[in-house]
1. Looking only at residues that are of a type in the set (K, R) and crowded, with 16+ Cβ neighbours inside 10 Å in segment 91-134, which one is modelled with the lowest pLDDT?
2. Just checking: which of the strands (runs of 3 or more DSSP E) contained wholly in segment 67-172 hold 2 or more residues that are touching a Lys or Arg at 6+ places or on another chain (Cβ under 7 Å) and farther than 19 Å from P57 by Cβ?
3. For residues in segment 48-67 being hydrophobic (A, V, I, L, M, F, W, C) and within 9 Å of I134 (Cβ to Cβ), which is modelled with the highest pLDDT?
4. On the basis of being under 17 Å from N155 (Cβ atoms) and small (G, A, S), does A100 make the cut?
Amino acid sequence: MRFLQLGCFVLGLMLGVACDASPPKPAAEDQAKKPAKPAPKPCDPKDLIPVKPETPPETLEVQHILIAYKGSGASKNPQIKVTRSKEEARKLWEKVFAEARNCADFNKLVVEYSDDPNKMNDYKYNAFPGFYEITPKGVFDENFKKCAQGLSPGNIDKVESYYGFHIIRRKA
């Protein structure tokens, strides 16, 4: 009986050595078989296309860029000096919206282009210029509110309201 056990042990060792004796595969072959993963992009413009959430949230956080024009509700605010026509504002709105959709830094776009006199109010506290929290009790233009509620986190869209043209980004 011991002889049989010893024979199985020796046979196992021989098979183990035979398996280990095969030449190792070069690392290049292993790499060639595995598909290379593309490096993740910091921002993909397709991710910014509006996607409607399943149920509109009651409270949400947004950043926005206001582009006002003569005759808009925002131009009635004495803090805002509006000199552009509605058509000039519309062209600027389209330009800034394209930049936002092409992954430009939204914070910088708010600082550079927004006519909202309150755009920097929360900047010192939460580092997001143009920040607003939309709540059920908040008073917002209905078009602005509907557009914001229709966005999934991180998405960007544009809307015209009584105050002018807006580019809205829902906070993730």
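The values are calculated or read from the model by the stated rules, or taken from the named source; none is laboratory data. What you see is a predicted model, and the numbers here were worked out from it, not measured in a lab. Counting neighbours? That spans all protein chains shown, and the Cβs are built from the backbone with ideal geometry, glycine included.
1. At the first step, the residues of segment 91-134 found to be of a type in the set (K, R) are 91, 95, 101, 108, 119, 124.
Applying the additional criterion that residues be crowded, with 16+ Cβ neighbours inside 10 Å yields 101, 119.
Working: R101: 92, K119: 79.
Looking at the filtered set, the residue picked out is K119.
2. Numbers: elements: 131-134, 156-161, 164-170.
Those strands (runs of 3 or more DSSP E) span 164-170.
3. If we filter segment 48-67 for residues that are hydrophobic (A, V, I, L, M, F, W, C), which is where we start, we get 48-49, 51, 60, 62, 65-67.
Adding the requirement that they be within 9 Å of I134 (Cβ to Cβ) leaves 60, 62.
On the way: L60: 87, V62: 90.
Result: V62.
4. Details: under 17 Å from N155 (Cβ atoms): yes; small (G, A, S): yes.
So A100 fits the description; yes.
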